[in-house]
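Chemist: Structure provided below as structure tokens; questions to follow.
The values are calculated or read from the model by the stated rules, or taken from the named source; none is laboratory data. Remember, it's a predicted structure, so these values are computed and weren't measured experimentally. Glycine also receives a Cβ, built like all others from the backbone with ideal geometry; neighbour counts cover every protein chain displayed. To get the accessible areas, we keep the full protein, side chains included, count just its heavy atoms, and leave off ligands, DNA and RNA. Shrake-Rupley method; radii C 1.70, N 1.55, O 1.52, S 1.80 Å.
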Amino acid sequence: MVTQKKKVAIYSISTGNFSVFVKNFFVDIQSNFLIDCEKHFFICSDVEYKLPHCVKDRVSFFRVKDLPFPGITLNRFGFFNEHIAN
């Protein structure tokens, strides 16, 4: 019996100063987190990224404005509902 890999969605909001962490985020999550699962990344950011090869075709990118604190935190579920649910 062939079993399919479980599918996992990884959601992140990376705006402003947090955008510097995204490249390592992709690589670390893909290599070390739930390694037996197929992962798809949903990224909301104000910066476009050159994607590492290990996540090509596994990223949905949504442009959002960087908001002053606590704007991003307060709007995170709104971003999720607007972008991911569709």
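Chemist: Could you please tell me which pairs satisfy a Cβ distance under 9 Å, a separation of 6+ or placement on different chains, a first residue in segment 59-76 that is among the polar types (S, T, N, Q), and a second residue that is not in a loop (DSSP other than H, G, I, E, B)?
Modeler: 60/40; 60/41; 60/42; 60/43; 60/83; 60/84; 73/13; 75/13
Chemist: I would also like to ask the following. Looking only at segment 1-33, which residues are assigned to a loop (DSSP other than H, G, I, E, B) and touching a Lys or Arg at 6+ places or on another chain (Cβ under 8 Å)?
Modeler: 15, 33
Chemist: Can I ask one more? Go through segment 12-40 and report how many residues are within 16 Å of residue 83 (Cβ to Cβ) and at pLDDT 90 or above.
Modeler: So the answer is 1.
Chemist: Take residue 25 and tell me if it is out of contact with any Phe, Trp or Tyr (no Cβ under 7 Å at 6 or more places or on another chain) and surrounded by 10 or more Cβ atoms within 10 Å (Cβ to Cβ). Give the derivation first.
Modeler: Working: out of contact with any Phe, Trp or Tyr (no Cβ under 7 Å at 6 or more places or on another chain): yes; surrounded by 10 or more Cβ atoms within 10 Å (Cβ to Cβ): yes.
So residue 25 passes the test.
Chemist: For a quick check of your reading of the model, give me the residue pairs whose first member lies in segment 1-14 and is among the hydroxyl-bearing types (Ser, Thr, Tyr), whose second is assigned to a loop (DSSP other than H, G, I, E, B) and open to solvent by less than 100 Å² (accessible area, probe 1.4 Å), with beta-carbon atoms closer than 9 Å and at least 6 apart or on different chains.
Modeler: Filtered contacts from segment 1-14: 14/46; 14/47; 14/49.
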